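Novice: I'd like to ask you about the structure that follows.
The values are calculated or read from the model by the stated rules, or taken from the named source; none is laboratory data. Keep in mind it's a predicted model, so treat the numbers as computed, not measured. Because the Cβ atoms are built from the backbone with ideal geometry, glycine has one as well, and the counts that use them run over all protein chains shown.
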Ligand SMILES: *Cc1c(COP(=O)(O)O)cnc(C)c1O
């Protein structure tokens, strides 16, 4: 009988990472943020109306390792390390010679990886005297995480929730309110941006781009308020590297190492978080790991987008960022993986995809839910629809191994549980989910809004 590796964290408190890994130190030729109006380089002064200096410094830092503040380490200890699990039953179901591991970020109080960055973001704001946070949420995972983190540090929290998710996931709203946050559906009547959108389209489903504009406007127009973003930005990705650093230590304990690291990709934070510490080992020439970022066919940023400067939001408040983008006005359909509906992506992840270090693939909604259900039945965990994209790809790679007989070691990030996504499972079980594909003509419409860079 093979030795079973149970659902286990392996690391005790003293072994938890004490620093985050900043991949900016190891990437050459990153393009800087540009001011959305002037297209000049963005300086710290451009960002201080909405972010604390502690996070602005991390956003542009070239230091390879950045200390995790003691207070943040204390909070992390209450739920980290998250378990590294081997999916024995799924392997059996697939009949694959591959070993499939997953890092379970659903085992945090908020149910996803997002708490890893919500805690330091609330902390740095608190330290600099901010009393209120504004943010957007798509699927509701980020709003939940920030509500919890704001409560930990005694801050108020206002959440602009993308309309389609607000309607699909009423329980997320109750959860956030229970943690003391104030929730409004976006587009809302609370901001100039929201009112302008509703005037044009009263039935707007909303998008992350719109909700970001509203939350940024809120922060920019209130002195006591700063804005928090749950993905995309360099400091968010930095905080998430706790995942991959733990995974490396956990693999040392079981004397294994992944050949392939897979994750789902919305703005890129959970995938970058698990992958970047492994990417470093590949950049250092120590390993030859393969990396696969997985996105929905309904929002194919990395696989069909353009690698160019674009705004991070519909309202064009955010800096211009060099990234893969479908155009800041791109309106993804109301698919059930609300967290993967963003038009852009992290500049760091985009660069690595453009450099050919990380591969990207897109999967359809129905095959993704099929994988989610098979995983749930095999492993007893209901995955978030976002995470299920990673499961789909991991299963596909494991099935390729079955063809070739290769005993590869696969690691994927199970970024969250799906306990608040049951209406999506209801729709799948009732055969009501449909798949979306984009023709080049449809994508052209989104590309049309991408700004020209004048130098
Ligand atoms: C938000 C979210 C995602 C997508 O965001 P990334 O920044 O790409 O990680 C994926 N999975 C879950 C569970 C999420 O909450």
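Novice: Just need a number here: residues in the stretch 70-128 that are under 18 Å from the mean Cα position of the chain (by Cα) and within 16 Å of the ligand (Cβ to nearest atom).
Specialist: 21
Novice: So residue 142 passes all but one of these: (1) buried (at least 24 other Cβ atoms within 10 Å of the Cβ); (2) more than 23 Å from residue 48 (Cα to Cα); (3) modelled with pLDDT of 95 or more; (4) within 11 Å of the ligand (Cβ to nearest atom). Which condition number does it fail?
Specialist: So the condition that residue 142 fails would be (2).
Novice: Name the single residue that is nearest to residue 108 (Cα to Cα) among those in the stretch 394-405 being touching a helix residue (DSSP H, G or I) at 6+ places or on another chain (Cβ under 8 Å) and surrounded by fewer than 17 Cβ atoms within 10 Å (Cβ to Cβ).
Specialist: The extreme case among them is 399.
Novice: Considering only residues that are farther than 19 Å from residue 455 by Cβ and more than 17 Å from the chain's Cα centre (by Cα), which ones fall in the stretch 304-325?
Specialist: Within the stretch 304-325, 304, 305, 314, 315, 317, 318 meet the criteria.
Novice: For the subset of the stretch 373-393 comprising residues that are more than 18 Å from the chain's Cα centre (by Cα) and in a helix (DSSP H, G or I), which member is surrounded by the fewest Cβ atoms within 10 Å (Cβ to Cβ)? First the steps, then the outcome.
Specialist: Filtering the stretch 373-393 for residues more than 18 Å from the chain's Cα centre (by Cα) gives 373-382.
With the extra rule that they be in a helix (DSSP H, G or I), the set shrinks to 373-379.
On the way: 373: 17, 374: 18, 375: 27, 376: 17, 377: 11, 378: 17, 379: 22.
Filtering first and then ranking leaves 377.
One line per residue, one yes/no per condition, for (1) assigned to a loop (DSSP other than H, G, I, E, B); (2) modelled with pLDDT under 95; (3) within 13 Å of the ligand (Cβ to nearest atom); (4) at positive phi:
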residue	(1), (2), (3), (4)
213	no, yes, no, no
219	no, no, no, no
239	no, no, yes, no
249	no, no, no, no
252	no, no, no, no
256	yes, no, no, no
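Novice: Looking at the stretch 281-295, which of its residues are touching a helix residue (DSSP H, G or I) at 6+ places or on another chain (Cβ under 6 Å) and either at pLDDT below 95 or farther than 14 Å from residue 340 by Cβ (or both)?
Specialist: Correct list: 283, 287, 289, 291, 292.
Novice: Turning to a different aspect of this structure: Among the candidates 193, 135, single out the residue that is within 16 Å of the ligand (Cβ to nearest atom) and within 20 Å of residue 312 (Cβ to Cβ).
Specialist: Going through 193, 135 in turn, the sole match is 135.
Novice: Restricting attention to the stretch 411-433, which residues are outside any helix (DSSP H, G or I) and out of contact with any helix residue (DSSP H, G or I) (no Cβ under 6 Å at 6 or more places or on another chain)?
Specialist: 411, 418, 419, 430, 431, 432 - these are the residues of the stretch 411-433 that are outside any helix (DSSP H, G or I) and out of contact with any helix residue (DSSP H, G or I) (no Cβ under 6 Å at 6 or more places or on another chain).
Novice: Now for a separate question. Quick one: residue 119 ticks every box in (1) on the phi > 0 side of the Ramachandran plot; (2) out of contact with any strand residue (DSSP E or B) (no Cβ under 9 Å at 6 or more places or on another chain); (3) buried (at least 23 other Cβ atoms within 10 Å of the Cβ) except a single one, so which number is it?
Specialist: Every listed condition holds for residue 119 apart from (1).
Novice: Of all strands (runs of 3 or more DSSP E) completely enclosed by the stretch 1-103, which ones contain at least 3 residues that are in contact with a strand residue (DSSP E or B) (Cβ under 6 Å, 6 or more places away or on another chain) and more than 20 Å from residue 120 (Cβ to Cβ)?
Specialist: 84-86
Novice: Quick check on the stretch 83-97: of everything there that is in contact with a helix residue (DSSP H, G or I) (Cβ under 8 Å, 6 or more places away or on another chain) and farther than 22 Å from residue 270 by Cβ, which residue is surrounded by the most Cβ atoms within 10 Å (Cβ to Cβ)?
Specialist: Filtering the stretch 83-97 for residues that are in contact with a helix residue (DSSP H, G or I) (Cβ under 8 Å, 6 or more places away or on another chain) and farther than 22 Å from residue 270 by Cβ, the one surrounded by the most Cβ atoms within 10 Å (Cβ to Cβ) comes out as 96.
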